[in-house]
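Presented below is the structure to which this report refers.
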Amino acid sequence: MSRIMRLGGLDGLVRLRTVKDGQDAADLGLDSRYVTFDSAWNSSLRLLSNGVAPAASLSTRVTTYSYFPGMTSGARTSRVLSFAGSNALRPTLAWQRRETGAIRYTPAGYPLGVPSPAPTAYQRAYGVCAVTLRNGEILLSPSKSGVDYVYYVFGNDGSGPEIGGANSGRFGTHPVYGPGLFIARPGYDRLTASLDDMMLSTHRNVFQIAETGIAFADLYTGGGSFLPFSAIDTDPFPEYFGTSPSQLRSAKIVNLTGSYPDFPPVIAFSTDTGFQHQCSVFWTSPSQFIIAGAPRATVGMRWAVVATDPEYQGGVDTARTHRIRMSPDRGLDITKHDINLLDAGETDYIFRSRRLTPRLAAFDAILTSTPSADYAIPSPPPVGAGLPFVFFLLDDTFALSGGGRWCGCGMVQMQDIATTGGPSPPYMQSQFRAAVVSRTVYRWYRQSGVSTNSFGWAATMNVSDF
């Protein structure tokens, strides 16, 4: 009989394994899209830190850039997220977040001279940030006032697989952390591992994905046939000519299968290179958002709804609380601390086995000597799956101080580096870009003349349509 959860002996290991409804957790040959968690996984994403920081609480940093001698230099203004630790290889996701507002969109082919449609109200909006990882800090841009910065920082090494070994878990009272569920990553002992090395714990937030898809634009954010646009007409997140509002962008209304009344962050990227800004998402209802950011209608915008509350900080229950439900037929559910299962709403869970818990499934090195072309994604998802979500980590070799690594999920490039008296628009041209363009391929662009040292990495997550 099929069961969506298996806890016990399996393939010579004692392990916890969960799958999507209708699948069998004991089937080790199951399509990887349907396996939502496995304690035998290596490089499962583990949250080191997450949060929501008002822009006013973050300091501002200006980083200067120069490509080659004699060329125009530029400056990137960022918000600085302090982060303890010396690892600049930690994958990170970050967004600017704005509470309520309105955006005007125009259907493709809207007649010239006809007044634009009325603005559409949104409940919450996100703009994907450019991220630079440095020892002890993370730079986020564009730098804006009046927004919040939302982030998830992972404890994994984005350049290669973690150590393997036996998996180890404990359900009951831990000698250090007390009662709960504790599953250490492979190669670590559940009795001595720190919470940073637990791939699943009742004491920590757990990063999961609720729903994924791809959208192709049939709208444009902007004011139709009338220029210039007003601030209410356009996407408020990217900077364009150093100010807001941004330029007109291709967009799509996305209707979701699930309902998300907390309006969570959405991982989003355009599936091609050669444009200036990352994607933006505008929640118009719990089951619908507008996604903007494709350079043209033929380029897809890949998205994944995050199922993890960025504001939840984990912790220990202040009283005895029934938080764990474990059943072969219903799967595994874990609520936030101090929330009883009988009282839990959809946003009160840190783990649900019907959601996908991501892992870094495979890695590939990118060299500066690698010519501009399409390259195979390491360990792509199976036939029938959607485009994978790939973390790119690329050395920031052109910064005149500080260095670090640019980090992007699905797409990465140098961006938000403004010049004075430069070309139109006045951004320095990105010296490299990488983007997932199909299920099996990522597109790489580099400017000729850069050094031949090791430059970066691509790490494929096990996130595709599921």
(request) Taking the Cα centre of segment 245-392 as origin, sum charge times position over the Cβ atoms of Lys and Arg (+1) and Asp and Glu (-1), and report the length of that vector in debye to the nearest 20. (result) 260 debye
(request) Return the whole-Å distance between the Cα centroid of segment 361-383 and the Cα centroid of segment 307-356. (result) 36 Å
(request) Putting +1 on Lys and Arg Cβ atoms and -1 on Asp and Glu Cβ atoms, find which of T132, S39, V316 reaches farthest to the positive end of the dipole of the chain. (result) T132
(message) Can you give me the long-range amide H partners of V437? Hydrogens built in the peptide plane at 1.01 Å from N, cutoff under 5 Å, separation of 5 or more residues or another chain.
(response) Y442, R443
(request) Work out the length of the dipole vector of the chain about its Cα centre, built from +1 on the beta-carbon of each Lys and Arg and -1 on the beta-carbon of each Asp and Glu, and round it to the nearest 20 debye. (result) 120 debye
(message) I'd like the trypsin sites (Lys or Arg not before Pro) in segment 329-404 restricted to DSSP loop residues with at most 16 other Cβ atoms within 10 Å, sorted by number.
(response) R330
(message) At 1.4 Å probe radius, can you tell me the per residue accessible area of the chain in Å²?
(response) 38 Å²
(request) Determine the share of the chain's accessible area contributed by carbon and sulfur atoms, expressed in whole percent, with a 1.4 angstrom probe. (result) 52 percent
(request) Hey, can you grab everything whose amide H is under 5 Å from the amide H of M199? Only 5+ residues off in sequence or another chain; H modelled, so Pro and N-termini drop out. (result) I183, A184, R185
(message) Can you compute 3J(HN,Hα) from phi for each residue in segment 287-303, using the Karplus curve 6.51 cos²θ - 1.76 cosθ + 1.60 with θ = phi - 60°, rounded to whole Hz and x for Gly and Pro?
(response) 10, 8, 9, 9, 10, 10, x, 6, x, 7, 5, 7, 9, x, 10, 7, 9
(request) Subtract the Cα-Cα distance of T318 and V62 from 0.36 nm times their separation in residues, and report this length gain in nm to one decimal. (result) 87.8 nm
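The values are calculated or read from the model by the stated rules, or taken from the named source; none is laboratory data. These figures come from a predicted structure and were not determined experimentally. Glycine gets a Cβ as well: all are built from the backbone with ideal geometry, and neighbour counts include every protein chain shown. We work out accessible area using only protein heavy atoms, side chains counted, and drop any ligands, DNA or RNA first. Shrake-Rupley method; radii C 1.70, N 1.55, O 1.52, S 1.80 Å.
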